[in-house]
1. Does at least one position in segment 45-61 carry a residue that is among the polar types (S, T, N, Q), surrounded by 13 or more Cβ atoms within 10 Å (Cβ to Cβ) and over 25 Å from I152 (Cβ atoms)?
2. Going by what's in this entry, would T137 be described as over 30 Å from G34 (Cβ atoms), in contact (Cβ under 8 Å) with a residue 12 or more places away in the chain and open to solvent by less than 60 Å² (accessible area, probe 1.4 Å)?
3. So T88 passes all but one of these: (1) exposed (fewer than 13 other Cβ atoms within 10 Å of the Cβ); (2) within 14 Å of the chain's Cα centre (by Cα); (3) β-branched (V, I, T); (4) within 23 Å of K14 (Cα to Cα). Which condition number does it fail?
4. If you go through segment 113-127 one residue at a time, how many are within 24 Å of the chain's Cα centre (by Cα) and not acidic (D, E)?
5. List every residue pair whose Cβ atoms sit under 9 Å apart, with the two residues 6 or more apart in sequence or on different chains, where the first one lies in segment 77-89 and is part of a helix (DSSP H, G or I) and the second, anywhere, is open to solvent by 50 Å² or more (accessible area, probe 1.4 Å).
6. List the residue pairs whose Cβ atoms are under 8 Å apart, where the first residue sits in segment 18-45 and is at positive phi and assigned to a strand (DSSP E or B), the second is of a type outside the set (A, V, I, L, M) and at pLDDT 90 or above, and the two are 6 or more positions apart or on different chains.
7. Do we find that L117 is in a helix (DSSP H, G or I), more than 30 Å from N5 (Cα to Cα) and either open to solvent by 40 Å² or more (accessible area, probe 1.4 Å) or of a type in the set (D, E, K, R) (or both) in this structure?
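The values are calculated or read from the model by the stated rules, or taken from the named source; none is laboratory data. Here the structure is a predicted model, which is why all the values come from computation and not from measurement. Here the Cβ is made from the backbone with ideal geometry for all residues, glycine too, and neighbour counts use every protein chain on show. The accessibility values were calculated without ligands, DNA or RNA, using every heavy atom of the protein model including side chains. Shrake-Rupley method; radii C 1.70, N 1.55, O 1.52, S 1.80 Å.
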Amino acid sequence: MEKRNTFSVHFFIKKHRINNNSEAPIYLRISVNGKRIEMSMHRNIDVQNWDAYFGHVIGTTKKARDINSFLESTKSTLYEHYKYLRETGKDVTPLAIKNAFLGINTEEDKGKKFLELYREHNEKIKTLKNIDFAPATVQRYETSLRFTQDFIKRK
């Protein structure tokens, strides 16, 4: 049976960090299975124009519409990353979702992606064996892949 995850995205402001224009920074909280992580959205809003219950800006001004659109887009992207992590069987944690959103790959992911590309390359080369590549060249690519895998495991 598949493990069930609780997942939520919430936007809020930090009133204790109000700037000179009486604007507070907007923050994002990602929660998965009771664990959470927060990050700044690098946007500020007047405290009076913030709806804490719905986590968005009140009003129809251009600034309000732009910020609400940005927040909705961010939320949608976070849900896509959550869904991707779940479907690929990777650990679904607040940090993993945040890193995926920010485009930060873990060292393990970098190694896997590199090796996947290397394997794909070698498969293409095999199909061109005796056409564009000599059998010995194909064998050298396979040997190189093996040595690279061993190196990544050791490091």
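1. yes
2. Numbers: over 30 Å from G34 (Cβ atoms): yes; in contact (Cβ under 8 Å) with a residue 12 or more places away in the chain: yes; open to solvent by less than 60 Å² (accessible area, probe 1.4 Å): yes.
Yes: the conditions hold for T137.
3. So T88 meets the others, but not (4).
4. Matching residues across segment 113-127 total 5.
5. Note: pairs meeting the criteria are T77/F101; L78/F101; H81/F101; Y84/K90; L85/D91; L85/T93; R86/E2.
6. H42/P25
7. Details: in a helix (DSSP H, G or I): yes; more than 30 Å from N5 (Cα to Cα): yes; either open to solvent by 40 Å² or more (accessible area, probe 1.4 Å) or of a type in the set (D, E, K, R) (or both): yes.
Considered against the rule, which asks whether it is in a helix (DSSP H, G or I), more than 30 Å from N5 (Cα to Cα) and either open to solvent by 40 Å² or more (accessible area, probe 1.4 Å) or of a type in the set (D, E, K, R) (or both), L117 comes out as yes.
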